[in-house]
Structures are given as C-alpha cells and as structure tokens.
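Okay, so here's the structure we're looking at.
The values are calculated or read from the model by the stated rules, or taken from the named source; none is laboratory data. Predicted model only: the values in this text are computed from it and were never measured. Note: ideal-geometry Cβ built from the backbone for every residue, glycine included; neighbour counts use all protein chains shown.
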Amino acid sequence: MKTFGRQKIGLIGVGTMGSAILEGVLARRLATPAHIWVYDKIAVRAGAFGRRHRVRVASSIAELLKNTDVVLLAMKPQDFSLFATKHKASFKAGQGVISILAGITTEKIAKALGKSIVIVRAMPNLGAKVGQSMTVLCGKNKKGLSFAKKLFVGCGKVVTLPEKMLDLVTALSGSGPAYFFYLIELLEAFGVKRGLSSKVAGILAIQTGLGAALLAKHSRASCAELRKRVTSKKGTTEAALQILSRGQFGKIFHQALAAAMNRSRELREK
Ligand SMILES: NC(=O)c1ccc[n+]([C@@H]2O[C@H](COP(=O)([O-])OP(=O)(O)OC[C@H]3O[C@@H](n4cnc5c(N)ncnc54)[C@H](OP(=O)(O)O)[C@@H]3O)[C@@H](O)[C@H]2O)c1
C-alpha cells in the first residue's frame, strides 16, 4: 500500500470520527507520526491523542495549517461557520481540505475558506473505529480524491459518488451504524425481558448481526432472497416478519431515513 510520502496531514477536531480515521492511517503505517498534526478546542483531548500516538499537537489552528499540506475537518457541522470566519486567513493557497462534516457542501466550504483550496468531501461512519468504515467520497480534483481514498482505505471501504448523493449517503451509511445498534439493543432487551442474562443476550444479538452481515456480503443471493430462504411457510421467522409488515416497519424505517436526509440538508443552513 502506498504511503503519503512527505505530505503532512492535520486533523482539526480530535473527536470520535477524526481520531478513528487517523488511528486507521497510523495502524496501516500510511503516514509517519511525525507527519501528522492534531488540534482540538479541548487541548487535553488533542494532548492525549498526541501522547498515545506520538503525533504532533498544534497549539493553535494557525500552527497546524502552517505545517500541513492536507487538513481533515472533523468538528461538528454547527461549528464550521465560526471556525471558517476565524481561521480563513490562515489557510494556504492550494491547501487540501477533506471535510467529513455532514451537510456542509463543497460550495459552502469554498465560499467560507476561499476558492484556492482543494476540497474533497467524505462521509465515513463509526465502523472506522474497527477498520470497517463505509466511506463515500466526492470531489472534482483527481489528486485530492486519490489522497482521500488512501486516507480512508486505512479505515475501511471507499466508494466515490457525485456530491448530490451525499445527503442520502449521510442518512444511509453515515448514520447507519446507529440503526443496527438499535436493532441489536431491541434483540438484547427482548432476551433479557424473557430470562437471559444481558451478557448472553448481547452475545446472541451481536453474533447474529455479524453473521447476517457477513452472509449478505459474501453470498451471491440478494438480502431479499436470503430472507426468503430462512422464512419457511408457517414458521417462526414468518410469524415475526408478518408482525413487522403489518406494523408497516418498512414504511416507518424509510420515514426515519428521510428525516436524517432532511436534517443533513438543514445543517448547511446553520
Ligand atoms: N459520529 C459519526 O458517526 C459521524 C459519521 C460521519 C460523519 N460524521 C461527521 O464527523 C464530524 C465529527 O463528528 P464526531 O462524532 O467525531 O464529533 P465529536 O466527537 O464531537 O468531535 C468533534 C471534536 O471537534 C472539536 N471542535 C469543535 N469545534 C472545533 C474547532 N473550531 N477547532 C477544533 N476543534 C473543534 C469538538 O470539541 P467540543 O466537544 O468542545 O465541541 C470535539 O472534540 C461531524 O461533522 C459529523 O457530521 C460523524
């Protein structure tokens, strides 16, 4: 696998996602720690990450921008406008910016930070923490896209799509892990309510989810087909699925995804 060579990477916002992405890069030795700079509003957070991974901790955003070629923006979308107003002047011409901020468009980033920066948008997910993110990239600059691809391959799978798909992708795979956690929670709670220990119920629920996901990934059959195969006529699975269907689970779930998509759109108005 190719490394980033001499290019220096900066992370602004050492939270859940930013740290997971950099941990993937470091674990795969795509960059040397000396070539990575981090900064967070909460200095102890950046300091702890710096000590743990021996990367450089910037004492200001200006210092980070001065010393890096590509910056990963990983603060909350609501914090972007204030950040841009305060720090626009510190960006260098041609500086690469990879933004994982939900809802904030390339156009908005370009307007806020100045046109000469190279922008790639990325929508990863929490799977990055275990090297299993699903990341969607979009951008017009080939070099920028290829750099971002190397970065995110460090923590999972990468697909490139047009930017108009990003609100949808944010709802589907960006927020997606939470839907699966919720399903696991519900399975677990049912088991506990009917007499299992929470440890055993958790093992049953998680292993079932893992097996289903792996089967869906490796089988030639579609998920609909796999589901039909385990749903024998008048059997237990059919009894459960009939209740979900009567309660219009599919419709409700799609409404939930549409709400996430709308929220992604709203975030750029902030
Ligand atoms: N979490 C997910 O599953 C997920 C998936 C895909 C994309 N994303 C995107 O990833 C981004 C980060 O999400 P997250 O869950 O990792 O959030 P997080 O854990 O809250 O991390 C964001 C970090 O950035 C810091 N911060 C805020 N403003 C800053 C500034 N101006 N300069 C430096 N640091 C600043 C925050 O400090 P404070 O806590 O003091 O604000 C916090 O430490 C969001 O834009 C989100 O849309 C998240």
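Some points to look at:
- If you go through the stretch 46-76 and keep only what is closer than 25 Å to S264 by Cβ and surrounded by fewer than 19 Cβ atoms within 10 Å (Cβ to Cβ), you end up with just K76.
- Verdict on T85 being among the β-branched types (V, I, T) and modelled with pLDDT under 95: no
- Test: residue in the stretch 136-150 that is out of contact with any helix residue (DSSP H, G or I) (no Cβ under 9 Å at 6 or more places or on another chain), of a type in the set (K, R) and surrounded by 15 or more Cβ atoms within 10 Å (Cβ to Cβ): yes
- The stretch 191-212, residues that are surrounded by 13 or more Cβ atoms within 10 Å (Cβ to Cβ) and among the hydrophobic types (A, V, I, L, M, F, W, C): V192, L196, V200, A201, I203, L204, A205, I206, A212
- Residue check for L126: surrounded by fewer than 21 Cβ atoms within 10 Å (Cβ to Cβ) and either within 14 Å of the ligand (Cβ to nearest atom) or under 23 Å from the mean Cα position of the chain (by Cα) (or both): yes
- The residues in the stretch 213-234 that are closer than 22 Å to E188 by Cα and surrounded by 11 or more Cβ atoms within 10 Å (Cβ to Cβ) can be counted, and the count is 6.
- Of the listed requirements (1) loosely packed, with under 12 Cβ neighbours inside 10 Å; (2) modelled with pLDDT of 95 or more, E269 misses just one: (2).
- Positions within the stretch 133-188 being over 26 Å from L26 (Cβ atoms) and modelled with pLDDT under 95, in sequence order: K140
- Residues being in contact with a Gly (Cβ under 9 Å, 6 or more places away or on another chain) and over 27 Å from A171 (Cβ atoms) - total across the stretch 75-94: 4
- Subset of the stretch 42-57 that is in contact with a helix residue (DSSP H, G or I) (Cβ under 8 Å, 6 or more places away or on another chain) and charged (D, E, K, R) - its residue that is farthest from Q132 (Cα to Cα): R56
- Verdict on D79 being among the acidic types (D, E) and either in contact with a Phe, Trp or Tyr (Cβ under 9 Å, 6 or more places away or on another chain) or not assigned by TED's automatic domain parsing to the domain that holds V153 (or both): no
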